[in-house]
């Protein structure tokens with residue numbers, strides 16, 4: 001049983017919280033961590049065949065990324081456009097049907113406070129609401145949506161806070177495998 005963590009961060013080296021989370025996830029037995037930003041610095045160069053094979057070999061899928069301007073990174077959108085379009089529209093029976101019911105966990109980080117992500121807050125919407133397009137995609141693809149793992153104040157966490165978040169993230173991934 002394998003858990004595939006696709007990590008979408010354009011500036012991995014500058015990130016502290018996402019980097020700590022990715023490190024904790026990648027250290028887990030049975031987890032394959034793929035730094036998509038390092039693999040595909042050009043969003044037009046996604047190796048669709050390789051990405052389809054990755055998905056077909058996974059028992060669980062985790063998408064990890066920071067939220068910027070209310071959206072996941074552009075690379076995640078580009079990946080969805082080419083990989084999921086092929087798997088679920090072009091080769092639905094041969095590929096898409098083979099990952100039906102695979103659990104999908106989204107791990108998203110945001111720089112602001114939870115209160116900022118509310119109808120009364122500066123961001124107007126809950127972070128879970130901003131993830132609804134991914135939830136809809138998971139539903140359309142037959143993936144088993146899991147409650148997201150959300151981290152607020154990601155760019156303001158001290159080392160102790162990052163260690164705690166990374167440990168909680170690793171525990172959540174491990175629980176997904178049970």
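Throughout, read-outs are computed from the coordinates displayed, never taken from laboratory work. Remember, predicted model here, so these are calculated numbers, not experimental data. So basically every Cβ, Gly included, is an ideal-geometry build from the backbone, and we count neighbours across all protein chains shown.
Residues of segment 103-135 that are assigned to a helix (DSSP H, G or I) and either surrounded by fewer than 15 Cβ atoms within 10 Å (Cβ to Cβ) or out of contact with any strand residue (DSSP E or B) (no Cβ under 7 Å at 6 or more places or on another chain) (or both): 114, 115, 116, 128, 129, 130, 132, 133. The numbered conditions (1) farther than 30 Å from residue 113 by Cα; (2) in a strand (DSSP E or B) are all true for residue 81 except (2). Which of the residues spanning segment 30-63 are more than 16 Å from the chain's Cα centre (by Cα) and over 21 Å from residue 86 (Cβ atoms)? Result: 30, 41. Collect the residues in segment 75-92 that are in contact (Cβ under 8 Å) with a residue 40 or more places away in the chain and within 18 Å of residue 38 (Cβ to Cβ), keeping them in residue-number order. Once the filter is applied, which keeps residues that are in contact (Cβ under 8 Å) with a residue 40 or more places away in the chain and within 18 Å of residue 38 (Cβ to Cβ), segment 75-92 yields 75, 76, 79.
The number of residues in segment 38-78 being surrounded by fewer than 19 Cβ atoms within 10 Å (Cβ to Cβ) and in contact with a helix residue (DSSP H, G or I) (Cβ under 7 Å, 6 or more places away or on another chain) comes to 8. If you go through segment 136-160 and keep only what is touching a residue at least 12 places away in the same chain (Cβ under 8 Å) and in a helix (DSSP H, G or I), you end up with 137, 138, 140, 141, 154, 155, 156. On the stretch given as segment 98-116, residues that are closer than 15 Å to residue 71 by Cα and over 19 Å from the mean Cα position of the chain (by Cα) total 0. Residue 98: in contact with a helix residue (DSSP H, G or I) (Cβ under 7 Å, 6 or more places away or on another chain), farther than 24 Å from residue 37 by Cα and assigned to a helix (DSSP H, G or I), yes or no? Yes, satisfied.
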